[in-house]
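The values are calculated or read from the model by the stated rules, or taken from the named source; none is laboratory data. Please read these numbers as outputs of a predicted model, since none were measured by experiment. Positions of Cβ are backbone-derived with ideal geometry, glycine not excepted, and every protein chain shown enters the neighbour counts.
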Amino acid sequence: MDLNLIINVADDEASRNDTVHRVSSQEPSGKSSCSEASSEASSETSSDDANDTPTIPTPPTPGVFDSYEKVYDFLQSFHRNNGAGIIKRTSGRTRHDFGQGEQPTRIVFICDRGLRYISKSTGLRKVTSQRTGCPYSITAFATQKMEWKWSYRVTNGSHNHGPSRDPSAHNIHRRRTKEQKEIQQIISKSIGTAARDMDSIIREQSEQVYTYFRIRDIYNDRQRIKKDLRRDRSTS
């Protein structure tokens, strides 16, 4: 990863956005200005709501995969492309050394809309959740009979909701990669880099499949990183 390149891109992005901001600020507008946080929050839409008309298909006839990572990537990609997401629920007790230490040989995944959220809050603010108690589940497994290669089986193929309109509706698909987190750390050390600039830079340097995060996510990451940097400076 070219550190100087990322810093230069961050500086150019900040300079370009600063120029646009100065030009736009000279134009008359009937709208009042708002903070960066509120403008980023307003970019969120109601697209999270699932479409209840179509149904979410189940994965095709299982094949055999050389590793857990490969079967996981296949299953997650399939669900992402069909308006769903899966998360790890449980791991089996049986373990095997696949070459990087012992790992479970059975992993149960559920729909990320499963496990209905029960709020324990007693405050006035209502906490919303996208979880619907969806019963869908799928199990990835490896056995000695398969020479410790991986496959999967659908244990409950029914969803109680329709597909989402966009992968960004799922937290699992909005996670930043290790490389993206490294870029965030570098950019955050550059003075004056706004969240929108960081968002643009990360998208430009990432494969499309890893760009379903939202600017709100980047803003929150940026705030957390800067807080950590301030704490580190105060303790050093």
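Here S234, S190 are screened, and the one residue that is surrounded by fewer than 19 Cβ atoms within 10 Å (Cβ to Cβ) and without any contact (Cβ under 8 Å) to a residue 40 or more places away in the chain is S234.
So which of G83, G30, G99, G63 is modelled with pLDDT of 90 or more, in a loop (DSSP other than H, G, I, E, B), more than 30 Å from M146 (Cβ to Cβ) and not β-branched (V, I, T)?
G83
Scanning the stretch 207-231 for residues that are hydroxyl-bearing (S, T, Y) and in contact with a helix residue (DSSP H, G or I) (Cβ under 6 Å, 6 or more places away or on another chain), we see that the one that is surrounded by the fewest Cβ atoms within 10 Å (Cβ to Cβ) is Y212.
Need pairs with beta-carbon distance below 8 Å; first residue polar (S, T, N, Q) and within the stretch 83-101, second in a strand (DSSP E or B) and surrounded by 15 or more Cβ atoms within 10 Å (Cβ to Cβ); sequence gap 6+ or separate chains. What qualifies is T90/I107; T90/V108; S91/P104; S91/R106; S91/I107; S91/V108; T94/P104; T94/R106.
Residues of the stretch 132-185 that are of a type in the set (A, V, I, L, M), surrounded by fewer than 18 Cβ atoms within 10 Å (Cβ to Cβ) and closer than 30 Å to E204 by Cα: I172 alone.
Of the residues making up the stretch 66-80, those that are in a helix (DSSP H, G or I) and of a type in the set (S, T, Y) are Y68, Y72, S77.
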